[in-house]
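The values are calculated or read from the model by the stated rules, or taken from the named source; none is laboratory data. This is a predicted model, so every value here is computed, not measured. Virtual Cβ from ideal backbone geometry, glycine too; neighbours counted across all protein chains shown. Areas reflect the complete protein model, heavy atoms only, side chains present, ligands, DNA and RNA absent. Shrake-Rupley method; radii C 1.70, N 1.55, O 1.52, S 1.80 Å.
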Amino acid sequence: MTLSPPILGGAALPAELLAPVHGAAAALAARGTGEGSRIAVDAPEPLPWLLGADLLGAATLVLEPSWTPAERAAVLADAAPDVVVTEAPEPTTARVEPRGDDRTAFYLATTSGSSGTPKVLTRTRRSWLASFAALGPAPGPVLIGGPLSSSLFLFGALHALWSGAELRLRPRFEPREARAAATVHVVPALLSTLLAERAPSALRKVVCGGAHVGDGLRERFARLLPHAELVEYYGSAEHSLIALRHADGLRPVPGVELDVRDDVLWVRSPLAFSGYLHDGALEPAPEWSSVGDRVERSASGVLTVLGRGSATVSSGGRLVAAEEVEAVLRAVPGVADVLVTGTPHPRLGELVTAIVESDDSPSLRDLRAAAREGLAPGKRPRVWLATKALPRTASGKPARARAAEQLRDGILLAEPLR
């Protein structure tokens, strides 16, 4: 009898994880961990600890190594863990009986920090199990090319185990290794990197979240990986999956209710978080909640995400959604990724500024041509910068707040694009 963690929905643990997971559960139980406890993991391989804690009915916070000391201290103060582990668990042949039910909190997620200081929130098993079911099974092997401190990559890893698929964990994304897998979880920047690699591919499914995928990137995928399925989802740390892309666009996941108020999306969902943690106390989530995403919704229910309010540039009286501009420019050959922000201007308020990541700077002429073709005049960048590497969050998304701060302070490693 293998006694799998409940978050796997009955799927059996792989043999290589069985002893470490139950060893982690035994070690945590010996330190007083039980149902309702919270643990923090600051270890190179957090998965056995998280699954072991889940066996006990405890919730896990995975610490992100790139947090500043102030961010780390703030997150730990809000999470108030009962136990902090830093080492690898000792494997054991003993077995721990699972505890709790689908309403049990198993994970203390943190917002990505792409727009500011991370917040701590709680997730129940039911919220992620329903999200796994909405995505459907993943064929294996499944490659996760990023740290499990990112909820996007952790979600992908647990989805793979829930699917009963072989899981391959790697600290960073390598396109050639991705092409040897059957499924891979990525953000748009990693998808662009994957498509730049022209080697043969065994991929059958690419799951992409974290930001908008533009039409150009989608068309490149269909042309270069014709036998693979691109699964695009829109979601957030608070709401898990909100919508999946269908042939006609983004439509809400079954059971998820949407409301648009003053162009801002509000969500009521069985997949949503339980609440935020502040100084160890849970502030329950309201029935309807929002992360401030600006959207448009057609009469037929198709959703167009314009971007977070904090990712909006106010230029000349027009509000420009950064993600819309980024999606257009990301499709230009030679662009690895792009981040759009605002730089101060005495008359216009802000100038739309594109920071383009590339090993070899793409042609400014090509970038401007793409902007003319895909964007209204007021949305086109007025300032163009080139960088070898954008600051990033653990999931691989550009760290918007950090980049804007570095640009403001004159320490962003970028040069004018000419």
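The phi torsions of region 21-32, fed into the Karplus equation with coefficients 6.51, -1.76 and 1.60 and a -60° offset, translate into couplings of 5, 5, x, 4, 4, 5, 5, 5, 4, 5, 9, x Hz, rounded to whole numbers, with Gly and Pro shown as x. As a length-normalised measure over Cα pairs under 8 Å and 6 or more apart, the relative contact order of the chain settles at 12 percent.
Compared with the alpha-carbon gap, the fully stretched path from residue 302 to residue 248 is longer by 18.7 nm at 0.36 nm per residue. Helical content alone sets the calculated 222 nm signal of the chain at -8000 deg cm²/dmol, taking -39,500 (n - 2.57) per DSSP H segment of four or more residues and averaging over every residue.
What the pair-distance distribution of region 315-418 shows, using all Cα-Cα distances binned every 5 Å from zero, is 2, 13, 25, 26, 21, 10, 2, 0 percent. Annotation for residue 262 and residue 224: the two label points, set 7 Å from Cα along the Cα-Cβ direction, are 4.2 nm apart. The string of couplings for region 246-262 from the Karplus curve (6.51, -1.76, 1.60, θ = phi - 60°) is 10, 4, 9, x, 6, 10, x, 4, x, x, 8, 9, 10, 9, 10, 10, 6 Hz, one whole number per residue in order, with x for Gly and Pro. So if we plug the beta-carbon distance of residue 351 and residue 376 into 1/(1 + (r/R0)^6) with R0 = 22 Å, what FRET efficiency do we get, rounded to 0.05? Step by step, r from the Cβ atoms, then E = 0.90. The HN-Hα couplings worked out from phi for region 64-81 by the Karplus form 6.51 cos²θ - 1.76 cosθ + 1.60 (θ = phi - 60°) are 9, x, 7, 4, 6, x, 5, 5, 4, 4, 5, 5, 5, 5, 6, 6, 6, x Hz, whole numbers, x standing for Gly and Pro.
Using the Cβ-Cβ distance between residue 16 and residue 117 with R0 set to 51 Å, the FRET efficiency from 1/(1 + (r/R0)^6) comes to roughly 0.90. Taking 7 Å steps out from each Cα toward its Cβ at residue 86 and residue 287 produces label points 4.7 nm apart.
Please label the shape of region 25-152 as rounded, prolate or oblate, based on the square roots a ≥ b ≥ c of the eigenvalues of the alpha-carbon gyration tensor (a/c under 1.5 means rounded; beyond that, a/b larger than b/c means prolate, else oblate). Taking the square roots of the gyration eigenvalues as a ≥ b ≥ c, region 25-152 is rounded. For residue 351, the amide hydrogen comes within under 5 Å of the amide hydrogens of 343, 345, counting only partners 5 or more places away or on other chains and with H modelled in the peptide plane.
Ordering of 364-375, 203-214, 383-394, 76-87 by packing is 203-214, 383-394, 76-87, 364-375, highest average first (other Cβ atoms within 10 Å, averaged per residue). Across region 290-418, the relative contact order, built from alpha-carbon pairs under 8 Å that are at least six residues apart, equals 19 percent. Mean-square fluctuations from a GNM of the chain, with a 10 angstrom spring cutoff on Cα atoms, peak among 184, 332, 260 at 260. Percent of accessible area on the chain owned by carbon and sulfur, 1.4 Å probe? Roughly 51 percent, rounded to a whole number. As a length-normalised measure over Cα pairs under 8 Å and 6 or more apart, the relative contact order of region 221-323 settles at 18 percent.
Accessible area per residue for the chain, computed on protein heavy atoms with a 1.4 Å probe, is 43 Å². Region 394-418 and region 267-300 have Cα centres spaced 29 Å apart. Only Cα sites of region 199-310 enter the Debye sum here, all with the same form factor; the resulting log10 I(q)/I(0) across q = 0.14 1/Å is -0.65, listed in q order. What whole-number distance in Å separates the alpha-carbon centres of region 218-254 and region 363-390? Cα centroid of region 218-254 versus Cα centroid of region 363-390: 25 Å apart.
For the pair residue 388 and residue 68, a Förster radius of 35 Å applied to the C-beta separation gives a FRET efficiency near 0.95, rounded to the nearest 0.05. GNM on the chain, alpha-carbon springs under 10 angstrom: the most fluctuating residue among 49, 266, 288 is 288. Rolled with a 1.4 Å probe across the full set of protein chains, the surface gives residue 185 an accessible area near 0 Å².
Springs between Cα atoms under 10 Å define the GNM used for the chain, and in it the highest mean-square fluctuation of 70, 180, 299 occurs at 299. Between amide H atoms placed 1.01 Å from N, distances below 5 Å from residue 306 occur with 294, 295, 296, all of them 5 or more places distant or on a separate chain. Shape index of the chain: Rg/Rh, with Rg the Cα radius of gyration and Rh the Kirkwood radius from the inverse mean 1/r over Cα pairs, equals 0.97. Using 0.36 nm per residue and subtracting the Cα-Cα separation, the extra length available between residue 360 and residue 176 on full extension is 64.2 nm. May I ask for the distance between the Cα centers of region 133-190 and region 45-124, given as a whole number of Å? If we compute the Cα centre of each part, the gap is 19 Å.
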